[in-house]
Amino acid sequence: MKTPALYIAEELMPFLRAKLAEFLYSGGMTQAEIGEYLGLTQAMVSKYLAGKYRSPPGPVAERLIAIAEEGARFILYGGSKEDAIVLISRRLVELLQSGFLCKYYAEYAGISEEACRSIYSVQRHRGEVLEELALALRRLLEIGGFGKLIPEVRSNFAYALNTPSSNGDVAAVPGRITVVKGKPFALPPEFGVSNFTAGLLVEIGKIRPEVRSVLNIRAGGDVEAALKRAGMKAVRVKTGGLPEEEAIRRIAEVFRDAPHDAVVDEGGHGVEPMVYLFGEGPFDVVDKLRKLVEALENEKAE
């Protein structure tokens, strides 16, 4: 009997461990440290770094690489082994919950896709979303230079449940992120405390369900140039003068043709120009913000 747990262990984990090893090694960890963290022998780490592993189908490999990159960032940021295991396990379960892996698991196990979907029909628990967003928020507030990117209307950082149906399915920062005594400050995330950013994730989720997190920052020529230097895909829209619901739909529609890292809203009369950074999860968004800050600082240094 080939259960989902066996599928993950046999078909996904060897490739995922290999990619984790690659990202951690490029991030400065030694083979011995990687082996201790991942529970592998140094010989196995060396084998993985030499590219000696079997790859899953292309679409699956892409998702696993994204999970490995997020997990490696978390580890390199100082996350504990226990929390790293929880984070990566959740990401793997999400791939089954969303139905993405059901095609591949069904072929492996010899069952129907419908049977797979029935196993993982329960949405991720709200407490887990709050926990992950809170941790990512702490990382965000520690980034030097973030405070200078907070707009006049202040920033918000949001993270949605899988397939959110309303703003109540989106966690965000109550009162938004502001600057206190020269430093960014935020209250712990809660559900149902955001309208616009939550509405964006609900609407975009209908088009790109993998996009579940967003952070808004100030706009400006320097920010747009930095986005380009950082290699991020950005698209421009204009919502000035539109009702809130229509503005949300206008931004969400740009995801119909292709995914984007950022959307630059030109604003308009009474509407502050804004940049929205999007990602599959909050750590993905934090990483993009970090790259943006680095690009801005490098430009000043030149």
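The values are calculated or read from the model by the stated rules, or taken from the named source; none is laboratory data. It should be emphasised that the depicted structure is a prediction, and the values quoted were computed from it without experimental measurement. Note that each Cβ is placed from the backbone with ideal geometry, even for glycine, and that neighbours are counted across all protein chains shown.
If you go through the stretch 143-164 and keep only what is hydrophobic (A, V, I, L, M, F, W, C) and surrounded by 15 or more Cβ atoms within 10 Å (Cβ to Cβ), you end up with 143, 146, 149, 150, 157, 158, 160, 161. Checked against the criterion of being surrounded by fewer than 15 Cβ atoms within 10 Å (Cβ to Cβ), without any contact (Cβ under 8 Å) to a residue 40 or more places away in the chain and either outside any helix (DSSP H, G or I) or aromatic (Phe, Trp, Tyr) (or both), the stretch 82-102 contains not a single residue that satisfies it. Count of the stretch 131-148 residues, restricted to those that are charged (D, E, K, R) and at positive phi, is 0. The residues on offer are 161, 187, and the sole one that is touching a residue at least 12 places away in the same chain (Cβ under 8 Å) and closer than 30 Å to residue 3 by Cα is 161.
Scanning the stretch 288-302 for residues that are modelled with pLDDT of 95 or more and either more than 17 Å from residue 221 (Cα to Cα) or not in a helix (DSSP H, G or I) (or both) yields 288, 290.
With the structure loaded, tell me whether residue 127 is out of contact with any helix residue (DSSP H, G or I) (no Cβ under 9 Å at 6 or more places or on another chain), modelled with pLDDT of 90 or more and surrounded by fewer than 20 Cβ atoms within 10 Å (Cβ to Cβ) or whether it fails that test. Spell out the reasoning first.
Working: out of contact with any helix residue (DSSP H, G or I) (no Cβ under 9 Å at 6 or more places or on another chain): yes; modelled with pLDDT of 90 or more: no; surrounded by fewer than 20 Cβ atoms within 10 Å (Cβ to Cβ): yes.
Judged against the criteria, residue 127 is not a match.
Among the residues of the stretch 250-287, write down those that are over 15 Å from residue 217 (Cβ atoms), acidic (Asp, Glu) and in a loop (DSSP other than H, G, I, E, B). Listed by number, the residues that qualify are 257, 280.
Does residue 226 qualify as being part of a helix (DSSP H, G or I) and farther than 21 Å from residue 177 by Cβ?
Values: part of a helix (DSSP H, G or I): yes; farther than 21 Å from residue 177 by Cβ: no.
Here the answer is no, as residue 226 does not meet what is asked.
Exactly one residue out of 19, 47 is among the basic types (Lys, Arg), part of a helix (DSSP H, G or I), crowded, with 20+ Cβ neighbours inside 10 Å and over 17 Å from the mean Cα position of the chain (by Cα), and it is 19. The criterion of being assigned by TED's automatic domain parsing to the domain that holds residue 273, modelled with pLDDT of 95 or more and not charged (D, E, K, R) does not hold for residue 186. Restricting 61, 115, 160, 72 to those that are closer than 20 Å to residue 209 by Cα and not assigned by TED's automatic domain parsing to the domain that holds residue 202 reduces the list to 61.
Table: residues versus (1) under 23 Å from residue 63 (Cα atoms); (2) surrounded by 22 or more Cβ atoms within 10 Å (Cβ to Cβ); (3) charged (D, E, K, R); (4) in contact with an Asp or Glu (Cβ under 6 Å, 6 or more places away or on another chain).
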residue	(1), (2), (3), (4)
244	no, no, yes, no
252	yes, yes, no, yes
256	yes, no, yes, no
262	yes, yes, no, no
269	no, no, no, no
277	yes, yes, no, no
283	yes, yes, no, yes
296	no, no, no, no
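Residue 215 - would you say it is touching a Phe, Trp or Tyr at 6+ places or on another chain (Cβ under 8 Å), within 16 Å of residue 289 (Cα to Cα) and either surrounded by 20 or more Cβ atoms within 10 Å (Cβ to Cβ) or not assigned by TED's automatic domain parsing to the domain that holds residue 95 (or both)? For residue 215, the condition - touching a Phe, Trp or Tyr at 6+ places or on another chain (Cβ under 8 Å), within 16 Å of residue 289 (Cα to Cα) and either surrounded by 20 or more Cβ atoms within 10 Å (Cβ to Cβ) or not assigned by TED's automatic domain parsing to the domain that holds residue 95 (or both) - is met.
Given the condition hydrophobic (A, V, I, L, M, F, W, C), part of a loop (DSSP other than H, G, I, E, B), surrounded by 15 or more Cβ atoms within 10 Å (Cβ to Cβ) and touching a helix residue (DSSP H, G or I) at 6+ places or on another chain (Cβ under 6 Å), answer yes or no: does some residue in the stretch 65-78 qualify?
Step one: list which residues in the stretch 65-78 are hydrophobic (A, V, I, L, M, F, W, C), which gives 65-68, 72, 74-76.
Next cut, part of a loop (DSSP other than H, G, I, E, B) only: none.
Within the stretch 65-78 (the criterion being hydrophobic (A, V, I, L, M, F, W, C), part of a loop (DSSP other than H, G, I, E, B), surrounded by 15 or more Cβ atoms within 10 Å (Cβ to Cβ) and touching a helix residue (DSSP H, G or I) at 6+ places or on another chain (Cβ under 6 Å)), the answer is no, since none of the residues qualifies.
Per-residue answers, yes or no, for (1) at pLDDT 95 or above; (2) within 25 Å of residue 143 (Cα to Cα):
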site	(1), (2)
191	no, yes
214	yes, yes
240	no, no
262	yes, yes
271	no, no
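If the condition is being among the polar types (S, T, N, Q), under 20 Å from the mean Cα position of the chain (by Cα) and not in a loop (DSSP other than H, G, I, E, B), then the stretch 144-202 contributes 155, 167, 197.
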